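One structure is given below, encoded as structure tokens.
The values are calculated or read from the model by the stated rules, or taken from the named source; none is laboratory data. This one's a predicted model, so the numbers in the text were calculated from it and none came from an experiment. Here the Cβ is made from the backbone with ideal geometry for all residues, glycine too, and neighbour counts use every protein chain on show.
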């Protein structure tokens, strides 16, 4: 049998290796010159929630069958990767809700590429998916590439990374209007697999308006892809988040990953917001870094960071950036009073989780903007990672998906994209070969 895998990130490499390991003639299409995709820009953590009830609580709209696959198979599949020579840096995730491992991205891509080559697989760089071939019955029979080639195959596995790099699709499905989010991943995830599958009648999943990303320093801040993790402003839970109208717009403590906060920022005027902290908030710690250290990273990147000795002066400084002074000051004072009185849940929006008033000088405001790492919505699949038809919900013969091409896993919350890559990549390969 011949299998074509479209997309050379962690999902594609996992799928290609498993397919060639099972004896398939395997070709991996990689759109860029160097394989690895957004995996190379990540921190390398592949994780799952520790049990299904926690998984359901943290991503309540996600498909429970797909979530259970990640829960059950992540650990043995990471062990399989390790046996292939992929370096595991840590078995700790730093979060008591989760388990998993931290992979070394460059070392993992190198090891997988070598194993695929050693087993006779083929990797075609600078070769993108440009559509699917199918017969009169609807079975997928191969792929077209950007070079005009038609490659026959018994099965195709889509792992091209969703559509985060396609501004038109992001505007239509996620932002719901004008505006453009900065990309926090490589630029090649432009929806090639997603669009190709739709062209042959695929169904889309739940969560099409959701994404995973981070609030980063707003322009004029500049940073390279290698700095995505360093410049992330992941301390909203220690701050007061206000929009350009001077109003709070989200529950800063709604979830541990701050995914909800980032998604809500993407729906604010101008796709901008401000994080306001006091001296105590700057000492707040997220994993190995303090909020103050993350603010310093924003400064180094050229982001807008204001610091004043009083809240009144901070409101004046923010007014010079277009925020209404009186509304901003009232918002901060009302927040401080409600939190100090233990009435954070009575605010609108409510403030849940541990919170402290911003009263200890100096006061800092950092302008942030949402960035998109990957989409949450995508292709609807069954538990064999077979892509489903829009018409009747049955699987499209010969078509499979892996990684974040699989939609609806983390709807309503956040789950690990790298875990989806490892688990669904291997399942898609095995399913495509009848295992």
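Some points to look at:
- Looking across 418, 388, one residue alone is over 15 Å from residue 69 (Cβ atoms), modelled with pLDDT of 95 or more and assigned by TED's automatic domain parsing to the domain that holds residue 16. It is 388.
- Of the residues 139, 188, the single one that is at pLDDT below 95, surrounded by 15 or more Cβ atoms within 10 Å (Cβ to Cβ) and assigned by TED's automatic domain parsing to the domain that holds residue 38 is 188.
- Selected residue (only one of 325, 263 is surrounded by fewer than 19 Cβ atoms within 10 Å (Cβ to Cβ) and either closer than 25 Å to residue 416 by Cβ or in contact with a helix residue (DSSP H, G or I) (Cβ under 7 Å, 6 or more places away or on another chain) (or both)): 325
- For segment 147-182, the tally of residues that are under 25 Å from residue 34 (Cβ atoms), touching a residue at least 40 places away in the same chain (Cβ under 8 Å) and surrounded by fewer than 21 Cβ atoms within 10 Å (Cβ to Cβ) stands at 2.
- Tally of residues being on the phi > 0 side of the Ramachandran plot and in contact with a helix residue (DSSP H, G or I) (Cβ under 9 Å, 6 or more places away or on another chain) across segment 334-363: 1
- Test: residue in segment 265-280 that is without any contact (Cβ under 8 Å) to a residue 60 or more places away in the chain and under 13 Å from residue 240 (Cα atoms): no
- In segment 112-121, the residue that is surrounded by the fewest Cβ atoms within 10 Å (Cβ to Cβ) out of those that are at negative phi and touching a helix residue (DSSP H, G or I) at 6+ places or on another chain (Cβ under 8 Å) is 119.
- Only one of 349, 362, 395 that is touching a strand residue (DSSP E or B) at 6+ places or on another chain (Cβ under 7 Å), surrounded by 14 or more Cβ atoms within 10 Å (Cβ to Cβ) and without any contact (Cβ under 8 Å) to a residue 40 or more places away in the chain: 395
- Screening residue 85 with (1) surrounded by 14 or more Cβ atoms within 10 Å (Cβ to Cβ); (2) without any contact (Cβ under 8 Å) to a residue 40 or more places away in the chain; (3) touching a helix residue (DSSP H, G or I) at 6+ places or on another chain (Cβ under 6 Å) gives one miss only, at (1).
- Applying the set (1) in contact (Cβ under 8 Å) with a residue 12 or more places away in the chain; (2) assigned to a helix (DSSP H, G or I); (3) over 30 Å from residue 254 (Cα atoms) to residue 39 leaves exactly one unmet item: (3).
- Qualifying strands (runs of 3 or more DSSP E) (wholly inside segment 292-406; at least 1 residues being closer than 30 Å to residue 189 by Cβ): 363-375, 386-388, 395-401
- Taking segment 168-182 as the range and being within 26 Å of residue 5 (Cβ to Cβ) and out of contact with any helix residue (DSSP H, G or I) (no Cβ under 9 Å at 6 or more places or on another chain) as the test, the residues that pass are 168, 170, 173.
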